[in-house]
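Chemist: One structure is given below, represented as C-alpha cells, and several questions about it will come after.
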Amino acid sequence: MEQHTARPPGRTGFAASMLRRKPVEAFVDEGGVGQGGTLRRTLGLTQLTTLSIGATLGSGIFVILGEAVPVAGPAVVLSFVLAGITALFSALSYAELAGMIPLSGSSYSYAYATLGELVAWVCGWCLVLEYGVSVASVAVGWGQYLNELLQLAFGVAIPDALSQPPGDGGIVNLPAIAVVVLAMFLLLAGAKESATANTVMVLVKVVTLVLFCAVAFTAVRAGNFSPFLPMGLAGLSAGGAKLFFSYIGFDAASTAGEEARNPQRDLPRAILLSLGIVTVLYCLVALAAVGALPWQQFDGEQAALSHVLTTIVDNKLWAALLAVGAIVAISSVVLTVLYGQTRILFAMSRDGLVPKALSKVDPKSGTPRVNTVVVSLFVGLLAAFVPLGKLADATSIGTLFAFGLVNIAVLLLRRRHPDLPRTFRAPLSPVTPVLGVLCCGYLMFSLDVATWIVFGCWMAAGLVLYFCYGVRRSRLATREAA
C-alpha cells in the first residue's frame with residue numbers, strides 16, 4: 001500500500017511539490033471530515049440517482065434537438081444512442097472511482113490521487129468553469145422559458161431591460177438572479193431537503209417529456225422516417241457530437257460522495273442508472289419528434305419540442321404545459337449543478353488549495369454555508385450582468401478534460417493499487433477507459449478556435465492563482481514541512 005507521503009520518490013524541490021499525490025488511503029480516512037466540520041450522510045440511491053438526472057436532463061433536450069435534427073435527419077435517434085455510448089465509457093470509469101473514493105471532489109479527487117496536485121488543481125479549476133458558468137447559462141434560459149409561459153398564459157412578458165444582461169439589449173437579468181437565489185435557499189436548508197425538492201422537480205420534468213411523447217406519437221407518420229439517413233453516416237456521427245453535451249451532468253452523483261448513506265454501493269449504481277434513464281427518455285422524445293414532423297422543418301427552431309406541439313396540435317395548453325416543464329427542468333439543473341460546484345470547492349478547500357472558509361460546515365444544517373452563498377452570488381451576478389457567449393461554450397472543454405482525466409485515473413489505479421476494494425469495476429478495462437480518453441479528446445478538438453482561446457485564458461488565470469496561493473497552502477505541503 002502507498003504510504004501517506006506527499007513527495008514522489010526521487011524528486012525534490014518546487015517541481016516535486018506540483019507532482020505530489022494524495023494517497024487513496026488518505027481520501028478514504030478523511031471520510032468527509034474537514035477542518036470546518038463534517039457533511040451529513042443523508043442521501044440514498046433514489047436521491048443520488050435523481051441528483052444526476054436533475055443535472056443532466058435540462059434545457060438540452062428542449063433546445064439541442066433542434067440543432068441536431070437538421071444535421072442527422074431521422075437518424076437523430078441513433079445519434080442519441082451514439083452519444084450515450086460515448087458518455088458510457090466515462091460513466092463506467094466514474095462508477096469505479098466513485099465506489100473507491102466516495103468523497104465530494106469528484107474528478108478533482110481522482111486526479112489528486114493519481115496524477116498529482118497540479119493536474120488536480122487544473123481539473124478542479126475546469127470543474128469551476130463547467131459548473132459555475134454552465135449554471136449561469138442555464139439560469140439565463142430559465143428567464144426565456146418564463147417569458148414564453150407568461151406570453152402563452154397572460155399575453156405579457158418581462159421587458160428585455162429586466163430579463164437580459166447588458167450587451168444583449170437589457171440592464172439586468174432578474175429572472176436569472178431569482179432562480180439562483182431560490183436554489184441557494186434550498187441548498188442552505190440541507191442536502192436532504194434540497195435532494196427531496198430536486199426529486200419532485202425531476203418527476204415533473206420526466207412526466208412532461210412523457211406527455212410530449214404521448215401527444216407526438218399520435219401524429220407519427222411512417223413517411224417522416226424516410227430517408228432515415230439523409231446525411232449518411234457522417235450526419236449520424238455529427239449529430240452524436242452535438243448531442244453528447246446533453247449528457248453532461250451524469251457525474252453529479254459523484255460530488256455527493258460524503259453525503260451518501262452507502263456511497264460504495266449506491267454511487268456507481270446512481271451514475272449508471274441515471275445515464276440509462278436519460279438515454280431512454282432522449283431516444284423516445286427524438287423518435288416521437290421526428291416521427292410527428294418532417295425533419296426538414298426543424299431547421300432554425302431552437303425550441304424544437306414547442307415547435308412540434310404547436311404544429312401538430314391546435315391548442316396552446318400543451319405548449320404551456322411544456323413551458324412549465326422546461327421551467328421546472330431548468331430549476332432542477334440550477335439546483336443540482338450549484339450543489340456540485342459547492343461540494344467540489346469544499347474538497348479543494350479541505351486540501352488547502354482555496355480558502356478554508358469554503359470548507360466550514362454549519363452545525364445546524366450540515367451544509368457549507370459560506371461556500372454556498374459565495375458560489376450563488378458569483379453565479380447570480382454572472383447570469384445577471386454578463387453576456388456569456390463563447391464563455392458558455394468553453395464549459396464543454398472543461399467537462400471533457402475532466403472526463404478524460406477520470407478515464408486515465410482508472411488505468412493508473414488499476415496498475416498502482418490492483419488490490420484496493422472496488423465495489424464496481426469498469427468492464428473490459430483497459431479498453432473502455434482508453435476509448436473514453438479518445439472520445440473526449442476527439443470532441444475537444446472538434447470545438448472552434450474561439451472556445452479554445454477562452455479556455456486557455458481561464459487556465460492561465462487558474463495557474464496564476466495556484467502558484468500564488470495553493471501550492472504553498474496545500475495541506476500536503478504542511479505535512480511535508482512537518
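None of the figures in this text is laboratory data; all of them are computed from the coordinates on show. Because the structure is predicted, anything quoted here is derived from the model rather than measured. We place every Cβ from the backbone using ideal geometry, glycine too, and count neighbours over all the protein chains shown.
Chemist: In whole percent, what relative contact order does region 296-401 give with Cα contacts below 8 Å and a gap of six or more residues?
Modeler: Contact order relative to length: 13 percent.
Chemist: In whole Hz, with x marking every Gly and Pro, tabulate ³J(HN,Hα) for region 131-147 from phi via Karplus 6.51 cos²θ - 1.76 cosθ + 1.60, θ = phi - 60°.
Modeler: 6, x, 6, 5, 5, 5, 4, 5, 4, 4, x, 4, x, 5, 5, 5, 4
Chemist: Which order do the peptides 396-406, 260-270 come out in when sorted by mean C-beta neighbours inside 10 angstrom, highest first?
Modeler: Sorting 396-406, 260-270 by mean packing, highest first, produces 396-406, 260-270.
Chemist: I need the shape label for region 78-222. Rule: rounded when a/c is under 1.5, else prolate if a/b > b/c, else oblate, with a, b, c from the alpha carbon gyration tensor.
Modeler: Oblate, since a/c reaches 1.5 and b/c is not below a/b.
Chemist: Please report the spacing between the Cα centers of region 140-187 and region 222-288 in Å, no decimals.
Modeler: Cα centres, region 140-187 to region 222-288: 28 Å.
Chemist: Separate question: Defining a contact as two alpha carbons under 8 Å apart and six or more residues distant in sequence, what relative contact order in percent does the chain show?
Modeler: 32 percent
Chemist: Return the long-range amide H neighbours of residue 43 (sequence gap of 5 or more, or a different chain), with a cut-off of under 5 Å between placed amide H atoms.
Modeler: Amide H to amide H, under 5 Å and 5 or more residues apart or across chains, residue 43 pairs with 260, 261.
Chemist: Follow-up. Average projected area of the Cα convex hull of the chain, in nm²?
Modeler: 21.9 nm²
Chemist: Further, regarding this structure: Hey, can you rank 173-186, 70-83, 360-373 by average C-beta count inside 10 Å, highest first?
Modeler: Highest-to-lowest ranking by the protection proxy: 70-83, 173-186, 360-373.
Chemist: Further question on the same structure: Using the Karplus curve 6.51 cos²θ - 1.76 cosθ + 1.60 with θ = phi - 60°, work out ³J(HN,Hα) for each residue of region 465-471 in order, rounded to whole Hz, and write x for Gly and Pro.
Modeler: 5, 5, 6, 8, 10, x, 4
Chemist: Additional query: Please work out the Cα center distance from region 420-477 to region 48-62, rounded to the nearest Å.
Modeler: The distance from the Cα centre of region 420-477 to that of region 48-62 comes to 22 Å.
Chemist: If contacts are Cα pairs under 8 angstrom and at least 6 residues apart, what is the relative contact order of region 366-474 in percent?
Modeler: Answer for region 366-474 is 38 percent.
Chemist: Report, by chain and number, residues whose modeled amide H sits under 5 Å from the one on residue 367, excluding near sequence neighbours (fewer than 5 apart, same chain).
Modeler: Under 5 Å from the amide H of residue 367 lie the amide H atoms of 362, each far enough along the sequence or on another chain.
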